[in-house]
Amino acid sequence: MTTNTLLQEELSTTVFATALPKTQPHLDATPQDLFAAIEELKHKLNAVILAHYYQDPDIQDIADYLGDSLGLSQQAAKTNADVIVFAGVHFMAETAKILNPDKLVLLPDLNAGCSLADSCPPQEFKAFKQAHPDHIVISYINCSAEIKAMSDIICTSSNAVKIVNQIPKHQPIIFAPDRNLGRYVMEQTGRDLVLWQGSCIVHETFSEKKIVQLKIEHPEATIIAHPECEPSVLRHASYIGSTTALLKYCQASDDKEFIVATEPGIIHQMEKAEPNKRFIPAPAMNNCACNECPYMRLNTLEKLYLAMKHKAPEITLPEDIRIAALKPIERMLAMS
Ligand code: 13P
Ligand code: SF4
């Protein structure tokens, strides 16, 4: 019996990928076995694997496309695959489904949610919107389909400034759900946005004090940060951008050392692209690994394999919500 057959037998005992724990000591399959098995399924299903930079390195390595939230939605909008395997979090896979109602969209672990999306419950947001009847709503893509359905335009961290700049100056705007990105957009555009007070638990975990200490220990290092970080961290950054923008900045820069204030999954690509540069993850407040997104990291190579094998868990959503959520996403794609 080949290793691959053994692997399939062992893994097939688990029907639902969501039931798998993060580590599975009973499996002795190597990442290479799983890579081969996933490649085989990819051809069989005519599937494409889309992955975010915050995924585990082995998932990044097997992805057909790796990117930030904007890049991933652009890929989802143009793929010819029959099956989209989304190695990311729920709102990302949901966006892919909104764009592709006839395709099967799989998320390796349905519990891969997002604290930022959770910080904006639809009923409360509906009341907030009603309290500002003259405002249009621009929502960060990190929100549920219900919130997207209540929005006029969606944006991501890489196009938020560009999109707000395209709105006539007299038009009042609600920006949801991330208050940190919203504040950053206000600074960059000079616009007065009404902010929903949501935030990301990962990007709010960075400690200004520890970043300043790190900078003292590494005086040559350039601090770069994601706009979901708090202002106390952003004010120390020489460059602020989406994950893709941060990666490109490190590649273009002559600097040799960087302190990276975002989820450290992106460092895998930075090190691959620039093996002679040094990337130091910004530390969290406590001595914990809480700068790793606990939702993104629920996906594993094993769960990805099982999702493809069993064609589950699948993303579904009510058609009325999907249609309403599609419009603001299409506006974003056209304005990007
Ligand atoms: P980007 O993908 O736009 O860089 O955003 C990062 C993030 O937090 C995704 O959840
Ligand atoms: Fe959500 Fe933050 Fe994780 Fe991104 S890093 S998926 S915003 S919890």
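Read the figures in this text as sums done on the coordinates, not as results from a lab. Quantities reported herein were computed from a predicted structural model and do not represent experimental measurements. Note that each Cβ is placed from the backbone with ideal geometry, even for glycine, and that neighbours are counted across all protein chains shown.
The table for this structure:
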item: Cα-based reach from LYS277 at 14 Å (exclusive), listing aspartates and glutamates while leaving out same-chain residues under 8 positions away; result: GLU220, ASP254, ASP255, GLU257
item: Rough spin-label spacing in nm, given labels placed 7 Å along Cα→Cβ, for SER232 and VAL194; result: 2.9 nm
item: Given charges at beta-carbon only (K, R positive; D, E negative), |dipole| of the chain in Debye; result: 820 debye
item: MRE, 222 nm, helices only [DSSP H, n ≥ 4, -39500 (n - 2.57), over the chain, to nearest 500]; result: -12000 deg cm²/dmol
item: Region 171-241: GluC sites (Glu not before Pro) in DSSP loop, at most 11 other beta carbons within 10 Å; result: GLU220
item: Separation in nanometres of the label points that stand 7 Å from Cα toward Cβ, at ALA131 and ASP102; result: 4.4 nm
item: Dipole axis of the chain (+1 Lys, Arg; -1 Asp, Glu on Cβ), positive-most option in ILE173, ILE259, THR30; result: ILE173
item: Percent RCO, i.e. relative contact order, over the chain, from Cα pairs under 8 Å lying at least 6 residues apart; result: 23 percent
item: Near-label residues of region 96-122 by backbone N, under 19 Å of a point 7 Å along Cα→Cβ of ASP82; result: 97, 100-107
item: Cα-only Debye scattering, the chain: base-10 log of I(q)/I(0) at q = 0.08, 0.10, 0.14 Å⁻¹; result: -0.38, -0.60, -1.14
item: Peptide ranges 31-39, 53-61 listed from the most packed, as the mean C-beta count within 10 angstrom indicates; result: 53-61, 31-39
item: Projected label distance in nm at GLU271 and ALA312, using a 7 Å step from Cα toward the beta-carbon; result: 3.7 nm
item: Among beta bridges that DSSP assigns inside the chain, antiparallel share in %, nearest 5; result: 5 percent
item: Selection from THR244, THR205, ILE329, by position along the positive dipole direction of the chain (Cβ); result: ILE329
item: Alpha-carbon centroids, region 244-304 and region 137-201: separation in whole Å; result: 25 Å
